[in-house]
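A short worksheet on the structure shown next.
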Amino acid sequence: MRSPLANVFQEEENEEINMTPMLDVVFIMLIFFIVTATFVKEAGIDVNRPEAATAVQKERANILVAISDKGEIWINKRQVDVRAVQANIERLHAENPQGSVVIQADKKATTDTLIKVMDAARSAGVFDVSIAAQEA
């Protein structure tokens, strides 16, 4: 005759923890965070922006163009020639048609370069163009 303890030990050996529901929850949470995540895009260089008393934070600015103090133009962490700015903005605007262009021009950047970038953005079909500034 078997002892009652033998039945308890046999039942414990047969029981396993089912990990499937936990894995399902983890994967659903992962998908949720990937879908709702907002990715920060950077132009590629740090710019010393001018101050403005009326500066306002702009939402949905997904096309960032930086102009350095030497007149270099940066889009998506790479330097771009002024003649290629329009094509780059067209490509980025095709990826997100609701986005706008924000130009981060250095304090010492020339107005000539700034105007060329603004014209390229408008020629690319983006009329929502802003210039970045720091709040005073």
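Since every read-out is calculated from the coordinates, none of them should be taken as a lab result. Nothing here was measured: the structure is a model prediction, and the numbers come from that model. Neighbour counts are summed over all protein chains in view; Cβ atoms, including those assigned to glycine, are modelled from backbone coordinates with ideal geometry.
Values computed for the structure shown
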| quantity | calculated |
| --- | --- |
| Inter-label distance, nm, simple model (7 Å from Cα along the C-beta direction), Ala87/Phe27 | 4.2 |
| FRET efficiency, Thr110 to Ile34 (Cβ-Cβ, R0 41 Å, nearest 0.05) | 0.50 |
| Karplus-derived 3J(HN,Hα), 6.51/-1.76/1.60, for each residue of the range 24-29, Hz, glycine and proline x | 4, 5, 5, 5, 5, 5 |
| Built amide H within the under 5 Å cut-off of Val80, gap 5+ | Ile73, Trp74, Ile75 |
